[in-house]
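Peer 1: Below you will find the structure I want to go over with you.
The values are calculated or read from the model by the stated rules, or taken from the named source; none is laboratory data. Here the structure is a predicted model, which is why all the values come from computation and not from measurement. Because the Cβ atoms are built from the backbone with ideal geometry, glycine has one as well, and the counts that use them run over all protein chains shown. Ligands, DNA and RNA are excluded from the accessible area calculation, which covers all protein heavy atoms including side chains. Shrake-Rupley method; radii C 1.70, N 1.55, O 1.52, S 1.80 Å.
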Amino acid sequence: MPEWAGRGEGGGRQRRAFVVGGALLGIALVMLLAAWRSSGFLSDLLLNIGSSVVLAAISYVIFDPLFEEARRARVQEHLSFDQHAFVTRLHRCARRVRILDTWTILLEDTHREETLRAVRTALANGAQVQLLLLDPDCTAAQQRSEELERQRVDVPRQIRTNLRHLALFQDTLDARLRHRLQVRLYDASPSIQLYQWDSRALISFFPIGKLSFNVPQLEVDMDSPWGGFVHARFEELWEHEQATVNLERYWSVTVTLRHDDSDVVTMQVPYVSVDGQHYVDCGGFQVNGPLTVRAVLPPRAPGGAPAVFALAEPVEGDPTPAAAVRRHFDQKYGQGQREIHRLVPPPGGTRTPDPRSAAASDAHGR
């Protein structure tokens, strides 16, 4: 059983059983005392009712936990994922929302505004909202696209679109709500789909050649063995430092501009990784002269040592055509004017900055 669920829902139900049982016993005690002080028909009536209430209280305390366990173990099957029903439940959430998927249909055009309103309401209710989506640049995302080839679904593009809307939505939240919304990307083979609202969840698996939204969904209690299983899988991915990266690190990379061997300015810039090459959008600064940049790439590696790169404009003969790189930027950030440069080893080979400078840059990035 998930620890958070057992302490919350399970503990609350146990307290409720004792409170109700205690109240019934109190009522029975009053009736029995009244019967003792009365006589005749009224005394017999109160005695019989009081005895029945005592039996009811004892039965409730004994059997209610058993009925509750049976309810939690019950699994309801739905023919497909009902977006409207799930969004309606989000409005009532006050504790926890969790989504584990490749990308979520809830952020597509038809449902996006309604979904984000529901998420905002859940955050305002005090719920912690966690989304764990597949890394669009990982091998598993491309493999999932190949599995859905007949559906003509570009999985990396769908994920990037989701992440763009989530990043924009996160920017609209005030500090009080923003820290309750967490988005991470995982680099692993997708196995389970999870949509959790408080203590209930819909789970399914990823069929080959079919969208997971269009296959049967199992509605389970998170206190049940099924719930414990998917909770453990979510936690395993969420806490894995090498397999996950948060939305902030995916959205931009911290670079320090350098002129000769002197740092000029440190800033966040948009970037994409394509075919093992890293590209940054230099629209926020002017590239004049022999500038180099220091950055930690790829951003998935926490605590990695910064390396120094030169900035090279895309030219014919590059490993990836400039049009393909621009398309990746547009998918990730939307249409816009960009100053795209590729990060390449500087003249004379890769240089490693001194530890004090590297530590300062890494601390700024975090």
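Peer 1: If you check every pair at least six apart or on different chains, which have Cβ atoms under 6 Å apart with a residue in the range 288-310 that is among the charged types (D, E, K, R) first and a residue that is at pLDDT below 70 and not in a strand (DSSP E or B) second?
Peer 2: Every condition considered, the pairs that remain are 294/353; 294/361.
Peer 1: Output the residue which, of all residues in the range 284-322 that are more than 14 Å from residue 254 (Cα to Cα) and of a type in the set (Val, Ile, Thr), is modelled with the highest pLDDT.
Peer 2: Result: 320.
Peer 1: Determine which single condition residue 209 fails, assuming it passes every other condition in (1) open to solvent by less than 30 Å² (accessible area, probe 1.4 Å); (2) in contact with a Pro (Cβ under 9 Å, 6 or more places away or on another chain); (3) in a loop (DSSP other than H, G, I, E, B).
Peer 2: Residue 209 satisfies every listed condition except (2).
Peer 1: I'm checking my understanding of the structure. Among residues of the range 95-113 that are outside any loop (DSSP other than H, G, I, E, B) and not β-branched (Val, Ile, Thr), which one is most open to solvent (accessible area, probe 1.4 Å)?
Peer 2: 113
Peer 1: Scan the range 164-184 for residues that are in contact (Cβ under 8 Å) with a residue 12 or more places away in the chain and under 19 Å from residue 122 (Cα atoms) and jot them down.
Peer 2: Within the range 164-184, 165, 166, 167, 169, 170, 173, 177, 180, 181, 182, 183, 184 meet the criteria.
Peer 1: Could you list, in sequence order, the residues of the range 123-146 that are crowded, with 17+ Cβ neighbours inside 10 Å and either touching a residue at least 60 places away in the same chain (Cβ under 8 Å) or not in a helix (DSSP H, G or I) (or both)?
Peer 2: Result: 127, 129, 130, 131, 132, 133, 134, 135, 136, 137, 138, 144.
Peer 1: Here is a follow-up. Return the residues of the range 314-334 that are on the phi < 0 side of the Ramachandran plot and assigned to a loop (DSSP other than H, G, I, E, B); say none if nothing qualifies.
Peer 2: 314, 315, 316, 318, 319, 320, 321
Peer 1: Tell me which of these residue 362 doesn't satisfy, since it passes every other one: (1) among the acidic types (Asp, Glu); (2) at pLDDT 90 or above; (3) closer than 20 Å to residue 266 by Cα.
Peer 2: (2)
Peer 1: Looking at the range 234-291, which of its residues are part of a loop (DSSP other than H, G, I, E, B) and among the small types (Gly, Ala, Ser)?
Peer 2: 243, 252, 276, 289
Peer 1: Which count do you get for residues in the range 212-233 that are assigned to a helix (DSSP H, G or I) and under 27 Å from residue 142 (Cα atoms)?
Peer 2: 8
Peer 1: Looking at the structure I just gave you, is residue 221 open to solvent by 10 Å² or more (accessible area, probe 1.4 Å) and among the acidic types (Asp, Glu)?
Peer 2: In short, no.
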